[in-house]
Amino acid sequence: MEQARAEKEAYFRDSPRSPLPPAQRGESFPGLAFYEPDPHYRFLVPLAEHETKAEVTVETTADGEQTYLRWGEFTFERDGEPFSLQAYRPSRGADRLWVPFRDATSGTETYGAGRYLDLEDDSHRVDGEWLVDFNMAYNPTCAYNHAYECPLIPPENWLEVRIEAGEKEFPGEPADPHDH
């Protein structure tokens, strides 16, 4: 996990493909912020796959829309309280699950619009269950640069609990494509 975080920071700081504009890269890069890794936010859980995969239209930060299939539901327990999240698959045949969420840290400690988890069939499945590690939660690209269009979190994945794991709010100012 530490290696993945270091690689992400290096990409944002040094890559010409970084979502940050050149003025925020290199020596000007403010870094990224993360919660300390916590094994209590790592779950091995079954996916209760939905019999009917309903198509869900998700609004985006740029007033657009994207479609996903509501694939299944994960149920967790934190401090004795159960909570659940819907898992989606892009409607255009990707072999991964997208688990977006907002929680009680959104807008204070973490990006206000929420964070994402991506789960790959080949690397997140263990004996028929899924490894859902909130330590790997990340901000969408629009948290760093408003020029990007990001899907918003469906209200059914807004949690009352605090998920103090994964990426925190970007320490810098998100780039605004209208600033010159």
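The values are calculated or read from the model by the stated rules, or taken from the named source; none is laboratory data. The shown structure was predicted, so the numbers you read here are calculated from the model rather than taken from an experiment. Using ideal geometry, Cβ is built from the backbone for each residue, glycine included, and neighbour counts are taken over all protein chains shown. Heavy atoms of the whole protein, side chains included, go into the accessibility calculation; ligands, DNA and RNA do not. Shrake-Rupley method; radii C 1.70, N 1.55, O 1.52, S 1.80 Å.
Projecting label points 7 angstrom from Cα along Cα→Cβ for Ala54 and Thr108 puts them 3.1 nm apart.
Would you mind telling me the antiparallel percentage of the DSSP bridges in the chain, rounded to 5?
Numbers: 33 of 36 bridges.
Just about 90 percent of them are antiparallel.
Annotation: amide H of Ala87 within the under-5 Å range of Trp71, Gly72, Glu73, Phe74, sequence separation 5 or more or interchain, hydrogens built in the peptide plane. Can you compute the FRET efficiency between Asp79 and Arg17 using 1/(1 + (r/R0)^6), with r the Cβ-Cβ distance and R0 = 30 Å? Round to the nearest 0.05. My answer for the efficiency is 0.15. For region 107-140, the residues whose amide N sits under 14 Å from a probe point set 7 Å from the Cα of Arg162 along the beta carbon direction are 107-110. At R0 = 22 Å, how high is the FRET efficiency between Gln3 and Asp118 if r is their beta carbon distance? Nearest 0.05 is fine. Efficiency, rounded to the nearest 0.05: 0.80.
What is the sum of charges around Val58, taking Lys and Arg as +1, Asp and Glu as -1, for the other residues whose C-beta is under 12 Å from the C-beta of Val58? Summing Lys/Arg as +1 and Asp/Glu as -1 gives -4. When nucleic acids and ligands are ignored and a 1.4 Å probe is applied, His40 ends up with an accessible area of around 120 Å². Among Thr67, Thr52, the order of accessible area from largest down is Thr52, Thr67, computed with a 1.4 Å probe on protein heavy atoms.
Counting other C-beta atoms within 10 Å, and keeping those with at most 10, which DSSP coil trypsin sites (Lys or Arg not before Pro) do you find in region 92-180? Kindly include the intermediate steps, with their values, before the conclusion.
Working: sites: Arg92, Arg96, Arg102, Arg115, Arg125, Arg162, Lys168; in loops: Arg92, Arg162, Lys168.
Sites meeting the loop and neighbour criteria: Arg92.
Solvent-accessible surface (1.4 Å probe) assigned to Thr108 amounts to roughly 100 Å². Dimensions of the chain along the principal axes, based on C-alpha atoms and rounded to the nearest Å, stand at 50, 35, 31, largest first.
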